[in-house]
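See below for the structure under consideration.
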Amino acid sequence: MFLDTDFLENEEIKLVLEKTVDGDVEKDWVPAYHFAIHNKQGIKMGVCDLRIGHNDKLYYGGNIGYRVEEEYRGHHYAGKACLLLFELARKHDLGYLIITCNPDNYASRKTCEYAGGELLEIVELPEDNDMREDGEFEKCIFRFAL
């Protein structure tokens with residue numbers, strides 16, 4: 001099920017696989033890859049992950065998550081990591097991906113725009129969504145055609 005990921009690099013960054021996680025049908029979780037985002041000197045600048053599949057939870061949680069450490073922000077590393085993850089998603093024949101963010105997270109919104117996302121909607125999370133426990137109530141839903 002999981003594929004080779006050694007090709008996930010460009011002239012600036014390399015995604016280094018840290019772990020894979022199998023899906024859990026009972027929890028409605030899909031399989032996922034977890035990566036470190038490294039620069040060409042091998043310094044870890046952040047993390048990203050790709051969740052393989054589509055379901056109602058992923059519409060609100062997204063197929064891709066990312067975080068870049070503060071000292072490395074402002075260089076589109078998250079967006080560049082997303083573009084690399086799109087290549088892996090294509091190998092899984094996903095067709096499209098969803099990335100979500102909080103409406104007030106302007107950096108993440110810019111990342112989604114940089115990576116070519118289409119803002120579908122800003123939506124209130126369902127009452128039973130787990131993210132509400134973390135104080136989140138709305139999400140911007142971006143769609144990326146592969």
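The values are calculated or read from the model by the stated rules, or taken from the named source; none is laboratory data. The model shown is predicted, which means the values in this text are computed figures rather than measured ones. Note: ideal-geometry Cβ built from the backbone for every residue, glycine included; neighbour counts use all protein chains shown. Quick note on the areas: whole protein, heavy atoms, side chains included, nothing else; ligands and nucleic acids left out. Shrake-Rupley method; radii C 1.70, N 1.55, O 1.52, S 1.80 Å.
Keeping the other protein chains in place, figure out the carbon and sulfur percent of the accessible area of segment 96-146, with a 1.4 Å probe.
43
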Using amide H atoms built 1.01 Å from N in the peptide plane, name the residues 5+ places from Trp29, or on other chains, whose amide H lies under 5 Å from its own.
-> Asp24
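Given the -39500 (n - 2.57) contribution per DSSP H run of 4+ residues, what per-residue ellipticity at 222 nm results for the chain, rounded to the nearest 500 deg cm²/dmol? Intermediate results must be reported in sequence, preceding the final value.
Numbers: 3 runs with 30 residues, N = 146.
After summing the helix terms and dividing by residue count, I get -6000 deg cm²/dmol.
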Residue by residue through segment 106-118, the couplings from Karplus 6.51 cos²θ - 1.76 cosθ + 1.60 with θ = phi - 60°, in Hz, x for Gly and Pro, are 5, 5, 5, 4, 5, 4, 5, 5, 4, 7, x, x, 9
Excluding same-chain residues fewer than 8 positions from Lys91, which lysines have a Cα within less than 27 Å of its Cα?
-> Lys14, Lys19, Lys27, Lys40, Lys44, Lys57, Lys80, Lys110
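Could you sort the peptides 48-56, 81-89 by per-residue average Cβ neighbour count (10 Å cutoff), highest mean leading? Mind showing how you got there, number by number?
On the way: 48-56: 19.0, 81-89: 21.2.
The packing order, highest mean first, is 81-89, 48-56.
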Distance from the Cα centre of segment 4-28 to that of segment 109-124, in angstrom?
-> 22
Solvent-accessible area per residue for segment 14-72 (1.4 angstrom probe, square angstrom) = 55
Amide H neighbours of Leu125 under 5 Å, counting only residues 5+ apart in sequence or on other chains, H built in-plane at 1.01 Å?
-> Glu138, Lys139
